[in-house]
Amino acid sequence: MMKNFILVLSVCATLVVHAQDTFSIVAVDPNTGEIGSAGASCLDNIGFPGSNGAIIISDIIPGRGAIHTQSYWNATNQTNARLKMNQGLSPAEIIAWLKPNDVNGIIGSASRQYGIVDFDPQGAPRAAAHTGNTCLDWKGHRIGTNYSIQGNILLGPQILDSMEAHFLQSEGLPLALRLMYTLQGANVVGADSRCTSNGTSSLSAFVRLALPSDTLGSFYLDLNVPSLPTGMEPIDSLQRLFNAWAAVSTQHPLPLQLKVFPNPSSAGAFSVSWPNEGAFDMEVIGMDGTVVRRKPMNQGINNYELGLAPGLYWLQVKSKSDGIVKGMGKIIVQ
């Protein structure tokens, strides 16, 4: 099996009438506003047509957060989770609401598994998870400041332990690389125990990453392996897709982190240091993904007085020639 530099993440998803075993991760980068989602499952598009594989569990709201709904996956529960995130509820509050409001009531929530991450109004990351006591063993989750890793019907706790170790060991790398590397932490036969007889970790795998200004269906990174011939490893196939994306993507290497000061600022008066020559624009993006200001960015110190309302804003520097994102950061306006 391939053991490259890429982080591996996986998710468990299943249609309503089927048990599902899966391993997955949702994570955010509080410095850039990037939101990631990755996972794998012994569910694929062949066994369950229309599911498109494990990716069925993934729901990213650019600039806000990500939700994984897995174990006896249900579309209504996933839709409700998204609605609550859009209403401003925190990950813990979303899970607290989902339990009594499960489509099958409180008993139904005992068979569900959730992993949720987002940004609070000041841009700090938040994470929460839920593993129902009737999810099939082995089941569990791991939560950190900016990530949630979860799985069910696993080979054992070592699968999540390895994924978490891979994520933590890759601190400082771009989030896209960390996600792929995390998935590789579960690249062992039978990680999703139903796939032991297939000689693979899973049957399908995916990795996704959204920039703050991305829209649904148009993410910066969106790779999926929905099914494969018997005996082929989905995480290895996903790694090859990722490597090809990284090699040819015009948006690679990944954007620079902006130096913004003072931060927090008053009424949107702040400065940004930019090291590169050329013609660039800086976009100021609200948490709903809307570009609220667009100003020129020049090499050196750029001073802005933008009259922004209090809140969190993501910043993106784009090349005027091709629209490629070259730098990312955030500003908190008090």
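The values are calculated or read from the model by the stated rules, or taken from the named source; none is laboratory data. As the structure is a computational prediction, the values presented were derived from the model and not from experiment. Please note: Cβ atoms are built from the backbone with ideal geometry, for glycine as well, and neighbour counts cover all protein chains shown.
Here is a check on your reading of the model: is Ala165 in the same structural domain as Leu211 (by TED's automatic domain parsing) and surrounded by fewer than 20 Cβ atoms within 10 Å (Cβ to Cβ)? I'd like the intermediate steps shown before the answer.
Details: in the same structural domain as Leu211 (by TED's automatic domain parsing): yes; surrounded by fewer than 20 Cβ atoms within 10 Å (Cβ to Cβ): yes.
Criteria met by Ala165.
Any residue in region 251-268 that is under 24 Å from the mean Cα position of the chain (by Cα) and at positive phi?
No, that holds for no residue.
When residues of region 21-44 are filtered for being surrounded by fewer than 24 Cβ atoms within 10 Å (Cβ to Cβ) and of a type in the set (D, E, K, R), how many remain? Reasoning before the result, please.
The first filter runs over region 21-44 and keeps only residues surrounded by fewer than 24 Cβ atoms within 10 Å (Cβ to Cβ), leaving 29-31, 44.
Okay, now just the ones that are also of a type in the set (D, E, K, R), so 29, 44.
The number of residues fulfilling the criteria is 2.
Quickly run through region 73-111 and pick out the residues that are aromatic (Phe, Trp, Tyr) and free of Cβ contacts under 8 Å to residues at least 60 places away in the same chain. Even if it seems obvious, please write down each step before you answer.
Step one: filter region 73-111 for residues aromatic (Phe, Trp, Tyr), giving 73, 97.
Once the filter is applied, which keeps residues that are aromatic (Phe, Trp, Tyr) and free of Cβ contacts under 8 Å to residues at least 60 places away in the same chain, region 73-111 yields only Trp97.
How about region 148-166: which of its residues are within 24 Å of Glu34 (Cα to Cα) and touching a Phe, Trp or Tyr at 6+ places or on another chain (Cβ under 6 Å)?
Gly151, His166
Within the bounds of region 246-255, is there any residue that is at pLDDT below 90 and surrounded by 20 or more Cβ atoms within 10 Å (Cβ to Cβ)? Walk me through how you get there before you give the answer.
Our first condition is that a residue be at pLDDT below 90; within region 246-255, this holds for 246-255.
Okay, now just the ones that are also surrounded by 20 or more Cβ atoms within 10 Å (Cβ to Cβ), so 254-255.
The answer is yes; a qualifying residue exists.
Checking Ser170 against (1) at pLDDT 95 or above; (2) crowded, with 19+ Cβ neighbours inside 10 Å, which test does it fail?
(1)
Only one of (1) part of a loop (DSSP other than H, G, I, E, B); (2) surrounded by fewer than 24 Cβ atoms within 10 Å (Cβ to Cβ) is not met by Asn263, so which one is it?
In the conditions (1) part of a loop (DSSP other than H, G, I, E, B); (2) surrounded by fewer than 24 Cβ atoms within 10 Å (Cβ to Cβ), Asn263 misses (1) alone.
Working only within region 266-304, note down all residues that are part of a strand (DSSP E or B) and among the β-branched types (Val, Ile, Thr).
Of the residues in region 266-304, the ones part of a strand (DSSP E or B) are 266, 269-274, 280-285, 291-297, 300-304.
Across region 266-304, the qualifying residues are Val272, Val284, Ile285, Val291, Val292, Ile301.
Output the number of the condition that Lys320 fails; it satisfies all remaining conditions of (1) among the charged types (D, E, K, R); (2) touching a Lys or Arg at 6+ places or on another chain (Cβ under 8 Å); (3) touching a residue at least 40 places away in the same chain (Cβ under 8 Å).
Unmet condition: (2).
Only one of Leu203, Leu209 is touching an Asp or Glu at 6+ places or on another chain (Cβ under 8 Å), at pLDDT 95 or above and surrounded by 22 or more Cβ atoms within 10 Å (Cβ to Cβ); which? Steps first, answer last, please.
Details: Leu203 fails: at pLDDT 95 or above.
Being touching an Asp or Glu at 6+ places or on another chain (Cβ under 8 Å), at pLDDT 95 or above and surrounded by 22 or more Cβ atoms within 10 Å (Cβ to Cβ) holds for just one of Leu203, Leu209, which is Leu209.
Identify, please: which residue in region 311-331 is part of a loop (DSSP other than H, G, I, E, B) and of a type outside the set (Lys, Arg) and is, among those, surrounded by the most Cβ atoms within 10 Å (Cβ to Cβ)? Break it down stepwise before answering.
To start, the set of residues in region 311-331 that are part of a loop (DSSP other than H, G, I, E, B) comprises 320-324.
Now drop any that are not of a type outside the set (Lys, Arg), which leaves 321-324.
Working: Ser321: 9, Asp322: 9, Gly323: 10, Ile324: 13.
Here the answer is Ile324.
State whether one or more residues within region 213-235 are surrounded by 18 or more Cβ atoms within 10 Å (Cβ to Cβ), in contact (Cβ under 8 Å) with a residue 40 or more places away in the chain and assigned to a helix (DSSP H, G or I).
Yes, region 213-235 contains at least one residue that is surrounded by 18 or more Cβ atoms within 10 Å (Cβ to Cβ), in contact (Cβ under 8 Å) with a residue 40 or more places away in the chain and assigned to a helix (DSSP H, G or I).
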